[in-house]
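Enquirer: Here it is, the structure, as structure tokens.
The values are calculated or read from the model by the stated rules, or taken from the named source; none is laboratory data. A quick note: this is a predicted structure, and the numbers were derived from the prediction, not measured. Here Cβ is always computed from backbone atoms with ideal geometry, including for glycine, and neighbour counts include all displayed protein chains. We work out accessible area using only protein heavy atoms, side chains counted, and drop any ligands, DNA or RNA first. Shrake-Rupley method; radii C 1.70, N 1.55, O 1.52, S 1.80 Å.
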Amino acid sequence: MNGTANEILEFVKENDVKFVRLGFCDMFGLQKNISILADDLPSAFTDGVSFDAHAIRGFRDVTESDLLLFPDPPTLAVLPWRPGPGRVARFYCDIRKPDGSAFLHDGRGLLKQMAERAAKMGYVCKIGAECEFYLFKTDADGQPSAEPFDQGGYLDIAPLDRGEDIRREICLTLEEMGIKPETSHHEQGPGQNEVGFKFSDALSCADHFQTFKSAVKAIAARNGLFASFMPKPLPDAPGSGMHINLSLARNGRNIFRHRSEGHSHIAESFIAGILAKTPEITLFLNPLANSYERFGRFEAPKYVSWSHQNRSQLIRIPAAIGEKVRMELRSPDPALNPYLAFTLILAAGLDGMEKELALPPAVDADLYTADPSVTASLAVLPRDLGEAAELARSSRFAEDVLGEELLAKYIAAKKQEEADFAASADASGFYGRRYFSVV
């Protein structure tokens, strides 16, 4: 909801909210929170709530371990899956140091800054996410199993699709929290589902994505199931992507145009910037060793290319008119930290605009079956986590956007993850232990 701190305090009182969760995520997108009593919310607004940042992976060392959470008023939402009496509400928070300055590793703060940069150029970036996930059965102890909830396929209905009631509950829950799902359906894999969201500004979309993951997991558990956002949970089935749809608004109007009208040069430069930088920011769009099992199969891209409608491309321009004309970035997966990912994607697009980059020719071919004469000249996305980390390490662009220290910490963690994966004799076992029940 929108409102001042005083209005929100009144809302909390009128709606029998007793507990308030102060939410944030670590550098790698893993959600965290502290719960306080509603009576302590006024002091949280003014003084913040302290936490041990040394215990959050990638944040601070033990010598400077205190950081403070300040609830961001517009992000208030009552959690429908935690009914009254004594309801539970949640805020996303700004993270600050004890001296009141911003914590530079706060991805949410970085995304705010990037959105402000776009605004100074006269643009608002609109983002809509389409997120895929799998539903799995649980065993007698309630632990996740590797057995999908159903054997349905793309756009199937009951009885092949057993997830329609779960998706309905997810969508109604999100709508109750002020988040507008646009579509929902069964995806190609057994037990695989997708929910797509209406466009919003970049920060709201990132917040909504974090809420979406929490809601999906909570509702799945309430129904005796387990939801996994692991990029490739089943080796012979489609992976789960997070397709990111982007457009630019200037003076309230979308500057992307239908191909019949001729593309906007500004929009083309925005797309060109994202194409140019995607390989070196792939570490943040596809952050797990398991992420790279997706590429090149089941409509996940392999090459750095674009086209209209073509789902084998890294970027496609879907068939749409008016305000729905946009670009779709198809490589990311739902294991990402949305704040860091959106910051880098938006920065890449703005960089392309500032440099007036020309959009390369479209590749109008099925790149899964294309002759090598078509693909030989195309850049290839990183083949594994180690290659992605090396590209990020050598990226002056990523360093400028994220800062030297954050980038170094992130890369160090991912290089260790890659070493652990390389030392494992069983890739599937590693994925299961490291990711399946966590992502």
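Enquirer: Being surrounded by fewer than 12 Cβ atoms within 10 Å (Cβ to Cβ) and touching a residue at least 40 places away in the same chain (Cβ under 8 Å), is that true of even one residue in the range 4-13?
Expert: Checked against the condition, which is being surrounded by fewer than 12 Cβ atoms within 10 Å (Cβ to Cβ) and touching a residue at least 40 places away in the same chain (Cβ under 8 Å), the range 4-13 yields at least one hit.
Enquirer: Still on this structure: For a quick check of your reading of the model, give me the residue pairs whose first member lies in the range 270-282 and is of a type in the set (D, E, K, R), whose second is open to solvent by 10 Å² or more (accessible area, probe 1.4 Å), with beta-carbon atoms closer than 6 Å and at least 6 apart or on different chains.
Expert: Going by the 6 Å Cβ cut-off, the qualifying pairs are Lys277/Phe397; Glu280/Leu391.
Enquirer: Moving on to the next point. Of everything in the range 418-439 that's assigned to a helix (DSSP H, G or I) and aliphatic (A, V, I, L, M), which residue is nearest to Gly58 (Cα to Cα)?
Expert: Looking at residues that are assigned to a helix (DSSP H, G or I) and aliphatic (A, V, I, L, M), I get Ala419.
Enquirer: If Gln210 satisfies every condition in (1) of a type in the set (S, T, N, Q); (2) part of a loop (DSSP other than H, G, I, E, B); (3) closer than 30 Å to Gly322 by Cα but one, which is the exception?
Expert: Failed condition: (2).
Enquirer: Under the condition of being at pLDDT 95 or above and not in a strand (DSSP E or B), which residue from the range 237-252 is nearest to Ile127 (Cα to Cα)?
Expert: My answer is Gly241.
Enquirer: Which of the residues spanning the range 391-439 are in contact (Cβ under 8 Å) with a residue 24 or more places away in the chain and of a type in the set (Ser, Thr, Tyr)?
Expert: Within the range 391-439, Ser394, Ser395, Tyr410, Ser428, Tyr431, Tyr435, Ser437 qualify.
Enquirer: Given the criteria more than 18 Å from Asn223 (Cβ to Cβ), free of Cβ contacts under 8 Å to residues at least 12 places away in the same chain and of a type outside the set (Gly, Ala, Ser), does Lys112 qualify?
Expert: Spelling it out, it is not the case that Lys112 is more than 18 Å from Asn223 (Cβ to Cβ), free of Cβ contacts under 8 Å to residues at least 12 places away in the same chain and of a type outside the set (Gly, Ala, Ser).
Enquirer: Further, regarding this structure: Only one residue in Ala119, Ala215, Ala220 is more than 19 Å from the chain's Cα centre (by Cα), assigned to a helix (DSSP H, G or I) and crowded, with 23+ Cβ neighbours inside 10 Å. Which one?
Expert: None of the other options fit; the residue is Ala220.
Enquirer: Moving on. What residue, among those in the range 388-438 that are polar (S, T, N, Q) and over 21 Å from the mean Cα position of the chain (by Cα), is nearest to Leu340 (Cα to Cα)?
Expert: Ranking the qualifying residues of the range 388-438, first place goes to Ser395.
Enquirer: Can you find even one residue in the range 394-417 that is of a type in the set (S, T, N, Q), open to solvent by 30 Å² or more (accessible area, probe 1.4 Å) and either under 24 Å from Tyr134 (Cα atoms) or assigned to a helix (DSSP H, G or I) (or both)?
Expert: Yes, that holds for at least one residue.
Enquirer: How many residues are open to solvent by less than 80 Å² (accessible area, probe 1.4 Å) and farther than 25 Å from Asn15 by Cα when one looks only at the range 165-198?
Expert: Total meeting the criteria: 17.
Enquirer: Inside the range 181-199, can you point out the residues that are within 19 Å of Ala218 (Cβ to Cβ) and at pLDDT below 95?
Expert: Hits for the range 181-199 are Pro181, Phe197.
Enquirer: Then there is this: Take Ala319 and decide whether it is assigned to a loop (DSSP other than H, G, I, E, B), closer than 30 Å to Phe421 by Cβ and out of contact with any helix residue (DSSP H, G or I) (no Cβ under 7 Å at 6 or more places or on another chain).
Expert: no
Enquirer: Output the number of residues of the range 349-377 satisfying the condition of being open to solvent by 30 Å² or more (accessible area, probe 1.4 Å), touching a strand residue (DSSP E or B) at 6+ places or on another chain (Cβ under 7 Å) and either among the hydrophobic types (A, V, I, L, M, F, W, C) or part of a helix (DSSP H, G or I) (or both).
Expert: Qualifying residue count, the range 349-377: 1.
Enquirer: Right, another one. Does the range 33-49 hold any residues that are surrounded by 15 or more Cβ atoms within 10 Å (Cβ to Cβ) and either touching a residue at least 24 places away in the same chain (Cβ under 8 Å) or on the phi > 0 side of the Ramachandran plot (or both), and which are they?
Expert: Selection gives Asn33, Ile34, Ala38, Leu41, Ala44, Phe45, Gly48, Val49.
Enquirer: Given the criterion within 22 Å of the chain's Cα centre (by Cα) and among the charged types (D, E, K, R), identify the matching residue among Arg60, Arg82, Arg87, Arg108.
Expert: Of Arg60, Arg82, Arg87, Arg108, the one residue that is within 22 Å of the chain's Cα centre (by Cα) and among the charged types (D, E, K, R) is Arg108.
Enquirer: Taking into account only those residues within the range 270-303 that are open to solvent by 30 Å² or more (accessible area, probe 1.4 Å) and assigned to a helix (DSSP H, G or I), which is farthest from Ala413 (Cα to Cα)?
Expert: Looking at the filtered set, the residue picked out is Ala276.
Enquirer: I'd like the full set of residues that are in a strand (DSSP E or B), open to solvent by 50 Å² or more (accessible area, probe 1.4 Å) and over 21 Å from Asp26 (Cβ atoms), limited to the range 76-104.
Expert: Listed by number, the list holds a single entry, Arg87.
Enquirer: Quick one: is Ile345 touching a residue at least 12 places away in the same chain (Cβ under 8 Å), crowded, with 21+ Cβ neighbours inside 10 Å, hydrophobic (A, V, I, L, M, F, W, C) and within 21 Å of Gln210 (Cβ to Cβ)?
Expert: Judged against the criteria, Ile345 is a match.
Enquirer: Has the range 55-66 got any residue that is β-branched (Val, Ile, Thr), free of Cβ contacts under 8 Å to residues at least 40 places away in the same chain, more than 27 Å from Leu336 (Cβ to Cβ) and in contact with a strand residue (DSSP E or B) (Cβ under 6 Å, 6 or more places away or on another chain)?
Expert: no
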